[in-house]
1. Determine the gain in length on full extension of the stretch Arg143-Arg118; use 0.36 nm per residue of separation and subtract their C-alpha separation, reporting nm with one decimal.
2. Taking the square root of 5 times each eigenvalue of the Cα gyration tensor, what semi-axes in Å does the equivalent ellipsoid of segment 76-144 have, largest first?
3. Packing-wise, with mean Cβ within 10 Å as the measure, how do 131-140, 187-196 rank, highest first?
4. Pop out the ³J(HN,Hα) list for segment 38-43 in order, Karplus 6.51 cos²θ - 1.76 cosθ + 1.60 with θ = phi - 60°, rounded to Hz; leave Gly and Pro as x.
5. Work out from phi, with θ = phi - 60° and the Karplus expression 6.51 cos²θ - 1.76 cosθ + 1.60, the ³J(HN,Hα) of each residue of segment 171-188, listed in order in whole Hz, and give x for Gly and Pro.
6. Using a Förster distance of 35 Å, how high is the FRET efficiency between Thr79 and Phe27, based on the Cβ-Cβ distance and rounded to 0.05?
Amino acid sequence: MDFRPSRTDTTRPPAPSPVKIIIAGGFGAGKTTFVGAVSEIPPLTTEAALTSASLGIDDTSQVNTKTTTTVAMDFGRITLLDSVILYLFGTPGQDRFWFMWDELVLGAIGAIVLVDTRRLADSFPAVDYFEERDIPFLVAVNRFTGAKEYQLEDVRNALDVDIRRPIVFCDARRRESVRQTLIALVRHSLDTVATEARQRGLSEAIPHVD
Ligand SMILES: Nc1nc2c(ncn2[C@@H]2O[C@H](COP(=O)(O)OP(=O)(O)O)[C@@H](O)[C@H]2O)c(=O)[nH]1
Ligand SMILES: [Mg+2]
């Protein structure tokens, strides 16, 4: 038997690389809309079972209850340039699901923080989270009808986002706008990795003195 690939196999383009991206932002910032606008598969909603031990209201009884809570968590997929498949993971909006973020971000190349300028403070936790962990991210300012128009640099200042992080306008309802935002994040993540590699290469070249 000849297991060598046929001529057509060798000319076939390599399989697309899977890439994980996080979509974050406050409640109502447009995460579900964003993922739904580009996803090639119907966006999913997951169910999380939570066990909560609750104390009884009267002091003679202690009641343990098990509850199932629906967590609106978006998941979608989009193929870019036939060579990269982006898997989009929306963060659960509710504060009580913060504990899930550390699992969710594992393996992600970067994140998009969606911002509604009418409720800027809602995006602080997401910005802080990615900054503290040095995860590449960009800020996407979602334009809501009737909302006051701000300059991007004003939003950057208000959020206190480092100059290295890109900040863009986005319309979460429009496929092309969402695609461009995703491409900007992929570029930023690749740039960040390249810069870090360069810095490591440079620092290794500097003789170490004890
Ligand atoms: N005008 C406008 N409305 C938007 C935009 N993105 C989302 N919306 C609307 O804002 C509401 C909240 O969006 P949703 O995606 O559910 O937010 P989530 O809580 O972050 O998932 C929905 O009614 C959307 O239709 C946008 O870019 N522009
Ligand atoms: Mg949602």
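1. 8.0 nm
2. Numbers: eigenvalues 90, 54, 27 Å².
Ellipsoid half-lengths, sorted descending, are 21, 16, 12 Å.
3. The densest-packed peptide leads the list: 131-140, 187-196.
4. Couplings: 10, 5, 7, 10, x, x Hz.
5. 10, 5, 8, 9, 3, 5, 5, 5, 4, 4, 5, 5, 5, 4, 5, 4, 4, 4
6. Plugging the Cβ-Cβ distance into 1/(1 + (r/R0)^6) gives 0.75.
A short reminder: the numbers here are calculations on the coordinates, not readings from a lab. Because the structure is a prediction, the values reported are computed rather than measured. Heads up, the Cβs are rebuilt from the backbone with ideal geometry, glycines too, and the neighbour counts pull from every protein chain shown.
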